[in-house]
1. Once amide H atoms are built 1.01 Å from N in the peptide plane, which residues 5 or more positions from residue 131, or in another chain, come under 5 Å H to H?
2. Round to a whole angstrom and tell me the spacing of the C-alpha centers of segment 8-34 and segment 89-105.
3. Sequence gap at least 6, Cα distance under 8 Å: using those rules, report the relative contact order of the chain to the nearest whole percent.
4. How far, in nm, would the chain grow between residue 8 and residue 134 when pulled straight, counting 0.36 nm per residue and subtracting the alpha carbon separation?
5. Calculate, axis by axis, the spread of Cα positions in the chain along the three principal axes, and write the results as whole Å, longest axis first.
6. Tell me, what HN-Hα J-couplings in whole Hz come from the Karplus equation 6.51 cos²θ - 1.76 cosθ + 1.60 at θ = phi - 60° for each residue of segment 108-118, using x for Gly and Pro?
7. Within segment 84-122, find all residues whose amide N lies under 19 Å from a label point positioned 7 Å from the Cα of residue 66 along Cα-to-beta-carbon.
8. If exposed means no more than 16 neighbouring beta carbons inside 10 Å and the site is in a DSSP loop, what's the longest run of the chain without any exposed trypsin sites (Lys or Arg not before Pro)?
Amino acid sequence: MGLMRSTAKWNGNSQVLLNDGRGHETICDLPSAENIGPTALELSVMSYAGCIVTIFKIIAEKRRITFESLEVEVVADKPDGSKTIESIEFITKVKSDADQDKLEKVLELTCLTCPVGVLFKQAGVEPVYQLVKV
């Protein structure tokens, strides 16, 4: 991927317009403000969930594992008084004919590969993962 670029522009009140330099924009906000968008920290949690789905799909395809649906639920905890997230848990729900152990191997490889997950781990937040076959 190489270099990534982003801009953040104050949009009034506590709103910030984010741009990825490739034509995609989103707004982040504070929950106590107008609540137009997620907070920057919530965006990081959303990015992690999105990364898990994306990388899971890629690894499953490489292993010739098909699925009908894939959903990741995330619970991240930032206790009162804490500066950032201290724990994060994922429940990955997969509807597939593949064996549970094959799906769990895909999730294991996904967790090792996900670049957003690597950032969280380097920050000292060790994720907990669970796979549920639906």
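1. Placed amide hydrogens put 92 under 5 Å from residue 131.
2. 35 Å
3. Once normalised by length, the contact order is 18 percent.
4. Extra length available between residue 8 and residue 134 comes to 41.4 nm.
5. Each principal axis gives a Cα extent; for the chain these are 51, 36, 26 Å.
6. Here the 3J(HN,Hα) series is 4, 5, 4, 5, 6, 9, 4, x, 5, x, 4 Hz.
7. Backbone N within reach: 94-104, 106.
8. Longest stretch, sites excluded: 84-134.
Every number here is computed from the coordinates shown, using simple stated rules; none is lab data. Please read all numbers here as calculations on a predicted model, not as lab measurements. No Cβ is skipped: glycine too gets one built from the backbone with ideal geometry, and neighbour counts run over all protein chains shown.
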